[in-house]
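Encoded as structure tokens, the structure appears first; notes follow it.
The values are calculated or read from the model by the stated rules, or taken from the named source; none is laboratory data. Just so it is clear, the structure is predicted and the values come from calculations on it, not from any experiment. Here the Cβ is made from the backbone with ideal geometry for all residues, glycine too, and neighbour counts use every protein chain on show.
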């Protein structure tokens, strides 16, 4: 293992009572690599597979809170949670060689055929079922303040002021969407019912089997948010795969299954489209941070497409 060294990995794994077999650089890892300094699939002497992550020091407290939350949800019976493994030293974190480490079981999945998967209706109820299970199992989840949910409204207002000052041409392109959100969503947002959310619930943060979900990963943005926050994230990200899927079977079945559960307030349904649109501002902010000109352009086009076709989409989602 060139980047860190087998000897260090062997030492780290001993904190979990494991012996290193080999590092499996041939096995891909689902989810974003940006969530940690380094990660790799590790095979122990018993041929069991794990994902070992090297954690940035600045994120240690947040990573510990995520690990504790996932353990809580798993203990409450939430299926398809890939909880981190506790160590003997500090619950879920190990400090070795001036670095922090976490370990989780490796979950093998089936690669998505992109963008074809975004039109496959069977995935909709499966994705909706996970959210319904999460809502049911996360009542009174500790470690988070229910009374101070994340506000996409505050984020958008701060972000767009910066864009207006630094990127005036881009600001003019996104301003119609901002005006639309100010006409009702912004004032209604803080009155919407909240639930505990994954926070980044989209298809690439799901490890799939041939017929369902094997695990949901990358819980970096978990916390209390408007109850359809995860649903809006899923729909918006599917549309980035191919905008035509926004009126296709997967999105239709996904929205229909959530609505059929009877768990979502009418006010939340009334603002589902607005929440999808609002979240694209957060994605745009990320592309700007990365100076990714191609994705900035694509996001600006997508925001306009969403706004221009609002009626088509809301009718398709039956909201």
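Numbers at a glance
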{"quantity": "Filter result for residue 172 (surrounded by 15 or more Cβ atoms within 10 Å (Cβ to Cβ) and either in contact with a helix residue (DSSP H, G or I) (Cβ under 7 Å, 6 or more places away or on another chain) or outside the structural domain of residue 82 (by TED's automatic domain parsing) (or both))", "calculated": "no"}
{"quantity": "Given (1) in contact (Cβ under 8 Å) with a residue 12 or more places away in the chain; (2) in the same structural domain as residue 281 (by TED's automatic domain parsing), number of the condition residue 164 does not satisfy", "calculated": "(1)"}
{"quantity": "Residue in region 150-160 that is part of a loop (DSSP other than H, G, I, E, B) and either in contact (Cβ under 8 Å) with a residue 60 or more places away in the chain or in contact with a strand residue (DSSP E or B) (Cβ under 8 Å, 6 or more places away or on another chain) (or both) present", "calculated": "yes"}
{"quantity": "Count of region 5-31 residues which are part of a loop (DSSP other than H, G, I, E, B), in contact with a strand residue (DSSP E or B) (Cβ under 7 Å, 6 or more places away or on another chain) and surrounded by 14 or more Cβ atoms within 10 Å (Cβ to Cβ)", "calculated": "5"}
{"quantity": "Filtered residues of region 42-75 (kept if outside any helix (DSSP H, G or I) and surrounded by fewer than 18 Cβ atoms within 10 Å (Cβ to Cβ))", "calculated": "43, 44, 45, 46, 47, 48, 49, 56"}
{"quantity": "Only listed residue being more than 27 Å from residue 105 (Cα to Cα), buried (at least 23 other Cβ atoms within 10 Å of the Cβ), in contact with a strand residue (DSSP E or B) (Cβ under 7 Å, 6 or more places away or on another chain) and not assigned by TED's automatic domain parsing to the domain that holds residue 65, chosen from 228, 238, 275", "calculated": "275"}
{"quantity": "Single residue of region 284-299 satisfying the filter (touching a helix residue (DSSP H, G or I) at 6+ places or on another chain (Cβ under 6 Å) and within 20 Å of residue 245 (Cβ to Cβ)) that is surrounded by the fewest Cβ atoms within 10 Å (Cβ to Cβ)", "calculated": "295"}
{"quantity": "Of all residues in region 94-121 being farther than 19 Å from residue 202 by Cα, touching a helix residue (DSSP H, G or I) at 6+ places or on another chain (Cβ under 6 Å) and not in a loop (DSSP other than H, G, I, E, B), the one that is modelled with the lowest pLDDT", "calculated": "96"}
{"quantity": "Condition met for residue 124 (over 21 Å from residue 307 (Cα atoms), under 21 Å from the mean Cα position of the chain (by Cα) and assigned to a helix (DSSP H, G or I))", "calculated": "yes"}
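Per-residue answers, yes or no, for (1) over 9 Å from the mean Cα position of the chain (by Cα); (2) in a helix (DSSP H, G or I); (3) assigned by TED's automatic domain parsing to the domain that holds residue 305; (4) at pLDDT below 95:
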site	(1), (2), (3), (4)
177	yes, yes, yes, no
181	yes, yes, yes, no
190	yes, yes, yes, yes
200	no, no, yes, no
207	yes, no, yes, no
211	yes, no, yes, yes
214	yes, no, yes, no
219	no, no, yes, no
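One line per residue, one yes/no per condition, for (1) loosely packed, with under 13 Cβ neighbours inside 10 Å; (2) touching a helix residue (DSSP H, G or I) at 6+ places or on another chain (Cβ under 6 Å); (3) under 26 Å from residue 74 (Cα atoms):
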residue: 128; (1), (2), (3): no, yes, yes
residue: 133; (1), (2), (3): no, no, yes
residue: 154; (1), (2), (3): yes, no, no
residue: 159; (1), (2), (3): no, yes, no
residue: 177; (1), (2), (3): no, yes, no
residue: 185; (1), (2), (3): no, yes, no
residue: 189; (1), (2), (3): no, yes, no
